[in-house]
Each structure stands twice: as structure tokens, then as C-alpha cells.
Amino acid sequence: MLVRLRSAPLQTLQHIELELTERIPSYIDSPVNVQCDYRIEQRDDYYLMSLAVSGHLTVVCQRCLHSFPYHYSNHTDIAICASEEKAEKLMTDYDCIVAPNYTISLQDLIADELYLYTPENHPEKDTCDPGTTAYIRIDNAI
């Protein structure tokens with residue numbers, strides 16, 4: 001879904017459900033279904049997108065290679081700028097995207113977010129598969 005910021009409703013909370021099948025991390029089972037709430041504000045010479053994404057994912061632990069359910073929930077504020085120079089000035093306050101025509105792909109944005117904020121392993125080592133972790137402990141002791 002492309003969001004054209006110049007014509008998007010400003011200050012209004014938008015809700016959309018998306019199914020992602022491309023560009024998602026290899027350790028997350030596809031398809032990924034997420035709920036997305038976003039609001040766009042126009043600032044002096046950039047747009048600010050407040051983005052909240054949530055969904056239930058199935059993650060393949062990269063430690064024990066067993067799947068586990070993970071409730072994904074993340075909120076971020078993103079400055080969308082027309083130039084690198086403006087983005088550099090805003091980077092201390094926001095995550096920034098340079099989009100000269102002020103058009104962004106919501107799917108690509110969320111896929112990038114999954115790479116950054118989804119764990120690759122079980123949150124607790126104790127919840128990994130005992131057979132695999134026993135092998136890892138033996139292998140690490142050698």
C-alpha cells in the first residue's frame with residue numbers, strides 16, 4: 001500500500017490490516033498479518049508519521065530452530081523528508097526516511113521494522129528446545 005503524504009488525510013488516525021509476504025525476515029513464517037494504525041502530521045518541511053504496528057507472528061528460533069509464537073507490538077515516529085540534509089538534522093529526534101516525492105510503501109516500512117524489532121531467538125534460553133540446547137552446551141564446552 002502506497003501512502004502519498006501530500007494527499008493523505010492529516011491528523012486523522014488511519015487503521016489498516018496488511019498481509020506481508022515479501023521482504024520479511026527468513027526466521028518469520030510467512031504470511032505475516034499485522035494491524036497498523038498511523039497518523040500523519042505536516043511540519044514545516046517534512047511529514048511526521050506516528051506508526052503503531054501489532055500482530056501475532058510465528059518465529060523460528062535461530063538458537064534451537066523450533067517455532068514459537070510472538071506477539072509483535074511496536075510504536076515509532078518517523079520523519080519523512082525530501083532530502084538527506086533534512087533527514088540528518090532530524091535524526092537525533094526521529095527515525096528518518098528520505099522520500100523526494102513524499103510517497104512511501106507501508107509494506108516495505110513494516111517489513112524493515114520487523115527486521116529491527118522482532119527477536120531471532122526465544123526471549124528466554126530456558127524456553128528453547130532442551131535437546132538442541134543440550135547439544136549446544138556440549139558443543140560450546142569443547
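The values are calculated or read from the model by the stated rules, or taken from the named source; none is laboratory data. This structure is a prediction, so every number in the text was calculated from the model and none was measured. Every residue, glycine among them, receives a Cβ derived from its backbone with ideal geometry; neighbour counts consider all protein chains shown.
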### Query
Is at least one residue of region 59-81 among the aromatic types (F, W, Y), in contact with a strand residue (DSSP E or B) (Cβ under 8 Å, 6 or more places away or on another chain) and under 18 Å from V3 (Cβ atoms)?
no
### Message
Suppose the filter is at pLDDT 95 or above and among the aromatic types (F, W, Y); does Y70 pass it?
### Response
yes
### The lone exception for I40 - which of (1) closer than 14 Å to L106 by Cβ; (2) over 19 Å from the mean Cα position of the chain (by Cα) it fails
(2)
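Within the group S83, S50, S54, S105, which residue is without any contact (Cβ under 8 Å) to a residue 24 or more places away in the chain and within 21 Å of T12 (Cα to Cα)?
Values: S83 fails: within 21 Å of T12 (Cα to Cα); S50 fails: without any contact (Cβ under 8 Å) to a residue 24 or more places away in the chain; S105 fails: without any contact (Cβ under 8 Å) to a residue 24 or more places away in the chain.
Sole residue among the options that is without any contact (Cβ under 8 Å) to a residue 24 or more places away in the chain and within 21 Å of T12 (Cα to Cα): S54.
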### Summary
When N33 is run through (1) among the polar types (S, T, N, Q); (2) under 20 Å from L13 (Cα atoms); (3) loosely packed, with under 12 Cβ neighbours inside 10 Å; (4) at pLDDT below 95, the failure sits at (4)
### E41 surrounded by fewer than 19 Cβ atoms within 10 Å (Cβ to Cβ) and either under 30 Å from H122 (Cα atoms) or of a type in the set (V, I, T) (or both)
no
### Task
Those residues that are of a type outside the set (V, I, T) and either modelled with pLDDT of 95 or more or surrounded by 12 or more Cβ atoms within 10 Å (Cβ to Cβ) (or both), I need them from region 11-21; list them, please.
Q14, H15, E17, L18, E19, L20
### Task
For region 51-134, please list each of the strands (runs of 3 or more DSSP E) lying entirely inside it that holds at least 3 residues being over 13 Å from I28 (Cα atoms) and of a type outside the set (S, T, N, Q).
67-81, 95-98
### Message
With the requirement that a residue be touching a helix residue (DSSP H, G or I) at 6+ places or on another chain (Cβ under 8 Å) and exposed (fewer than 13 other Cβ atoms within 10 Å of the Cβ), what does region 57-89 give you?
### Response
L65
### Task
Would you please list the contacts, defined by Cβ atoms under 8 Å and residues six or more apart or on different chains, that run from a residue in region 12-39 that is under 14 Å from D112 (Cα atoms) to a residue that is among the aromatic types (F, W, Y)?
P25/Y115; V34/Y72
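Name the single residue that is modelled with the highest pLDDT among those in region 100-122 being out of contact with any Lys or Arg (no Cβ under 6 Å at 6 or more places or on another chain) and over 30 Å from R39 (Cβ atoms). Walk me through it before giving the result.
Taking region 100-122 and keeping what is out of contact with any Lys or Arg (no Cβ under 6 Å at 6 or more places or on another chain), we get 100-101, 104-110, 112-120, 122.
Retained after the next criterion (residues that are over 30 Å from R39 (Cβ atoms)): 120, 122.
Working: E120: 95, H122: 90.
In this case the residue turns out to be E120.
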